[in-house]
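The values are calculated or read from the model by the stated rules, or taken from the named source; none is laboratory data. From a predicted model like this one, the values you see are computed outputs, not experimental measurements. Cβ: placed from backbone, ideal geometry, glycine included. Neighbour counts: every protein chain shown. To get the accessible areas, we keep the full protein, side chains included, count just its heavy atoms, and leave off ligands, DNA and RNA. Shrake-Rupley method; radii C 1.70, N 1.55, O 1.52, S 1.80 Å.
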Amino acid sequence: MNNFSHFFFFIFLNLCSLWSFAQQYSISGNIIDAHTAEKLTGAYISFQDTNNLKEPTIVVSSTSGSFSLSLDVGYYKIRVYMFGYEEYEKIIFHKKNEKYTIQLIPKAILADEVVVTTQRSESRISSIDVGKMEMEIGTIKSLPALFGEVDILKAIQLLPGVMSGGEGNSGFYVRGGTADQNLILLDDATIYSPGHLFGFFSVFNPDAVKSVDVVKSGMPAYYGGRLASIIDVVQQEGNMKHFKVDGGIGLIFSRLTVQGPIKKEKCSFSLSGRRTYIDFLIQPFLKKGSPLKGTDFYFYDLNAKLDIVINAKHRLYFSSYYGNDVYGFKSFSGSTFVKLAWGNAVASAKWNYAIKPNLNLNTSFNFSNYDFSTKMGMDIYEFNILSGIRDYSLRSDLSYRPVKNHSLTFGMHHLFHTFFPNNYKVETGELSQISLPKSKPYYAYDLALYANDEYDIIKWLKLNVGLRYTHFEHIGPFTRYILDSYNNIVDSIEYKAGKRVKQFNHVEPRLAVRFLIDSNTSIKSSFTLNYQYIHQVSLATISLPTDVWMPSNDIIKPQVGTQVTLGLFRNFYNNMFESYIDFYYKDMKNLIEYKDGLDFMYTRVNPDQMYTFGKGWSYGVEFFIEKKKGRFTGFIAYTLATTKRKFEDLNFGKVFYAKYDRRHDLAINLSYEIIRNKLMASAVWVYASGNTMTIPIGYYFFAGNLMVEYSERNAFRLPPYHRLDLSLNWTFVKTKKFESSFNLSVYNVYNRQNPFFVFFETKSNVSQDFSQFDMQSKAYQMSLFPILPTISWNFSF
């Protein structure tokens, strides 16, 4: 009860403080695309008092394209600017509550606009956003790509503090966190497995995406549930005025997007689809005896969104995503087969209600499902594995801007989780049956209440203060099995449906501060405390579809993360260059790993009894500099970091480096517009310290059995990873109604043999009485992708 009292007392104090402000009039409105009538997210609206030389007031349009603030009576110059649009400018006399609809005109994207940006130059310095970065879709599409296919998550890996999961992989790790510590959202619904083809491509079709935000630190209170980062992806709503078709044909898959009005300026739709076809293309050319004959390996996904304008106050959005991967193999005789299938399905319904010009309510209902299945058969035997996770959630946010320099957000988020641990099933025909224990689903409630206050106190000082209350409850039906020291079941505890197994209540304070030194320089700092109640444990160095999600319970405690940051932000040469240096320290508790020496052939009824728990910490500094103007643009991102772990049951209790610890991580992206609006060349070079691994260092005999002695955990480091990619974008047709272009990409230009994994081959010569033996081990490196030139055709009409 004390937590609730503190939470609502904080809200009461903020509301009381509003009474002291002088009378002002509200100004609000919507920012829309002049050609499509689509609401625009992330547009910057500047209000400059023409009788006052003070810094202008700048606000940013919300995910529904709206803005609101309160201003004194007077003349104001309104300027609106957004990537890819002509700048809007107008002078108004503000003397009453007013609402505007501002239409921005799209323009050709020039080279000096293809950038990765945390904010527009004028507001990046003054913004309170400490660790938030926005990836422009135009930027992502200009980068060189594996097989010529643009990938949002691979583009995110170029940002400082974000490390890739491996060669060609879309998995990523942020500031020493694990893969499960990243919350990935698509229209407010959680994506639990963000990769296709074992992670080589992400689930996000860039043609269906409107915006991508990455939050690494200084999380506002309305974000939570993970320790490392938030990836917030919003799908495009569709063209409100005209029908439009976008697509592309590449070497391994094609994509198509269709959008348009159902009723002009009242209702629109957007449909997108992708599918690989390499399985169709290669099968006719394979010989009958080829091991690849009869192999299936493909993915497909579908995106849909419906946007309905009811009136000036009410708007509805319905969106969905479905994606599936299939890998299958069948022997020549058909007696042996393997089939793996996994996929995500999400759906969202959102209601936007503009109660007043400065008071908005956003409510959404979301569904998310991820499942994985394996079927393996030989003769009369068939073996099946099933696992997954399913969520139903309700979220509601109330945002209020009483005056121009003060904004408040209050909200709640409630989720109901169902976890499906690995279930095994064996069928052996009519002769016999093999019975295996089943892991029953886990059920849990997850509730968050939050308040966030962003306040520009004086010109040089801005605060963002947040408080988040979280409640998590694991409920029955559930059976807890009690094991002895030999892992034999000796007792059990039964919990009936709805009965509480374990609950957790925590308060998470958030604080971000910005000190404005001058118009080109600011210092920003943040403190964030996060609790994470659901977990995914992986045996591999990358996240795989087979990894299982588990809730916090009587054995698994919530993960706890505390992060402190301090950064210097500076623009140079008339905002031509933007840069920052950001120091961070992160402390993590209740981290999860598998115990050493597990026998995975032994079926445990409670999967969480295979885990061990420890702590970790990560610290480092990030450097980022970007050139934003001119025909030659680009950025350099560098991270110097250390990530360590300590588990009492691992590595003899000694501290060890995390498997994704990398001392150095560098990304350089350069673009040059050879012919304006026609021909652009881009290059990306990446360098990263090698991943850590545990290796065998010796062999000996004990009781007649050969034993292997391993190094300390993650004591060996692989060779460094580096790669150069080039691309050339040629727009050879461009009219008002049709546009066509080719993209030529070369992946791994100098054919670097980067390590994908390392295996050991041992040769031995042992005498019969074991008195003499000679053993030699040799490490072999497996590399994945050589130099890969690719071409793709893109079109729009």
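A few notes on this one:
- Residues that are touching a strand residue (DSSP E or B) at 6+ places or on another chain (Cβ under 8 Å) and in a loop (DSSP other than H, G, I, E, B), drawn from the stretch 556-577: ILE556, LYS557, PRO558, MET576
- In the stretch 414-428, of all residues being open to solvent by less than 40 Å² (accessible area, probe 1.4 Å) and in contact (Cβ under 8 Å) with a residue 40 or more places away in the chain, the one that is farthest from VAL60 (Cα to Cα) corresponds to THR428.
- Of all residue pairs spaced 6 or more apart or on separate chains, those with beta-carbon atoms under 8 Å, a first member in the stretch 43-69 that is β-branched (Val, Ile, Thr) and a second member that is outside any strand (DSSP E or B) and at pLDDT 80 or above are ILE45/SER61; THR57/ASN405; ILE58/SER126; VAL60/ALA43.
- Annotation: of all residues in the stretch 115-129 being open to solvent by less than 20 Å² (accessible area, probe 1.4 Å) and touching an Asp or Glu at 6+ places or on another chain (Cβ under 8 Å), the one that is modelled with the highest pLDDT is ILE128.
- Among the residues of the stretch 479-508, those that are in contact with a Leu (Cβ under 9 Å, 6 or more places away or on another chain) and open to solvent by less than 50 Å² (accessible area, probe 1.4 Å) comprise HIS506, VAL507, GLU508.
- Of the strands (runs of 3 or more DSSP E) lying entirely inside the stretch 31-94, those carrying at least 1 residues that are closer than 21 Å to SER127 by Cα and in contact with a Gly (Cβ under 7 Å, 6 or more places away or on another chain) are 44-49, 57-60, 66-71.
- Filter result for GLY161 (crowded, with 24+ Cβ neighbours inside 10 Å and either of a type in the set (Ser, Thr, Tyr) or at positive phi (or both)): yes
- Residue in the stretch 16-29 that is surrounded by 14 or more Cβ atoms within 10 Å (Cβ to Cβ), within 34 Å of the chain's Cα centre (by Cα) and at pLDDT below 80 present: no
- Test for SER519: is it polar (S, T, N, Q) and within 30 Å of LEU69 (Cα to Cα): yes
- ARG395, sole failed condition from (1) in contact with a His (Cβ under 6 Å, 6 or more places away or on another chain); (2) basic (Lys, Arg); (3) free of Cβ contacts under 8 Å to residues at least 40 places away in the same chain: (3)
- Contact map, the stretch 300-324: first residue at negative phi, second residue of a type in the set (Val, Ile, Thr) and in a strand (DSSP E or B), Cβ cut-off under 6 Å, separation 6 or more or different chains; pairs are ARG315/VAL309; LEU316/ILE308; TYR321/VAL346.
Conditions tested, residue by residue: (1) under 29 Å from the mean Cα position of the chain (by Cα); (2) closer than 30 Å to TRP730 by Cα; (3) open to solvent by less than 10 Å² (accessible area, probe 1.4 Å); (4) at pLDDT 90 or above.
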residue	(1), (2), (3), (4)
ARG631	no, yes, no, no
THR642	yes, no, no, yes
ALA688	yes, no, yes, yes
ASN691	yes, no, no, no
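- Of everything in the stretch 419-433 that is in a strand (DSSP E or B) and hydrophobic (A, V, I, L, M, F, W, C), the residue that is modelled with the highest pLDDT is PHE419.
- Of all the listed residues (VAL233, VAL245, VAL258, VAL212), the sole one being without any contact (Cβ under 8 Å) to a residue 40 or more places away in the chain, assigned to a strand (DSSP E or B) and either of a type outside the set (Lys, Arg) or buried (at least 24 other Cβ atoms within 10 Å of the Cβ) (or both) is VAL258.
- Qualifying position, being surrounded by fewer than 21 Cβ atoms within 10 Å (Cβ to Cβ) and either among the polar types (S, T, N, Q) or modelled with pLDDT of 75 or more (or both), among LYS95, LYS107: LYS95
- Residue in the stretch 648-655 that is outside any loop (DSSP other than H, G, I, E, B), under 30 Å from ASP596 (Cα atoms) and of a type in the set (D, E, K, R) present: no
- Of all residues in the stretch 133-157, those satisfying the criterion of being part of a loop (DSSP other than H, G, I, E, B) and under 16 Å from ILE668 (Cα atoms) are LEU143, PRO144, ALA145, GLN157.
- For the stretch 172-196, filtering for residues that are touching a strand residue (DSSP E or B) at 6+ places or on another chain (Cβ under 6 Å) and assigned to a loop (DSSP other than H, G, I, E, B) leaves 8.
- Of all positions in the stretch 728-740, at least one carries a residue that is of a type in the set (Ser, Thr, Tyr) and either more than 34 Å from the chain's Cα centre (by Cα) or open to solvent by 80 Å² or more (accessible area, probe 1.4 Å) (or both).
- Leading residue by the ranking (nearest to LEU744 (Cα to Cα)) among those in the stretch 250-303 that are modelled with pLDDT of 80 or more and among the small types (Gly, Ala, Ser): GLY250
- When ASN754 is tested against (1) at pLDDT below 85; (2) open to solvent by less than 70 Å² (accessible area, probe 1.4 Å), just one condition goes unmet, and that condition is (1).
- Listed conditions (1) more than 12 Å from the chain's Cα centre (by Cα); (2) over 20 Å from ASN530 (Cβ atoms); (3) of a type in the set (Phe, Trp, Tyr) are all met by PHE204, apart from (1).
- Taking each residue of the stretch 263-280 that is touching a residue at least 60 places away in the same chain (Cβ under 8 Å) and looking for partners that are among the β-branched types (Val, Ile, Thr) and open to solvent by less than 70 Å² (accessible area, probe 1.4 Å) with beta-carbon atoms closer than 6 Å, six or more apart or interchain, yields SER272/THR257; THR276/ILE252.
- Residue in the stretch 164-173 that is without any contact (Cβ under 8 Å) to a residue 40 or more places away in the chain, of a type outside the set (Gly, Ala, Ser) and either in contact with a Ser or Thr (Cβ under 8 Å, 6 or more places away or on another chain) or open to solvent by less than 20 Å² (accessible area, probe 1.4 Å) (or both) present: yes
- Listed by first and then second residue, the pairs with beta-carbon distance under 6 Å, at least 6 apart or on different chains, first residue in the stretch 690-703 and under 23 Å from ASN714 (Cβ atoms), second acidic (Asp, Glu) and open to solvent by less than 60 Å² (accessible area, probe 1.4 Å), are THR692/ASP661.
To keep it simple, each residue is scored yes or no on (1) open to solvent by 70 Å² or more (accessible area, probe 1.4 Å); (2) of a type in the set (A, V, I, L, M); (3) part of a strand (DSSP E or B).
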{"residue": "PHE297", "(1), (2), (3)": "yes, no, yes"}
{"residue": "PHE337", "(1), (2), (3)": "no, no, yes"}
{"residue": "ASN352", "(1), (2), (3)": "no, no, yes"}
{"residue": "ASN366", "(1), (2), (3)": "no, no, yes"}
{"residue": "TYR370", "(1), (2), (3)": "no, no, yes"}
{"residue": "ILE389", "(1), (2), (3)": "no, yes, yes"}
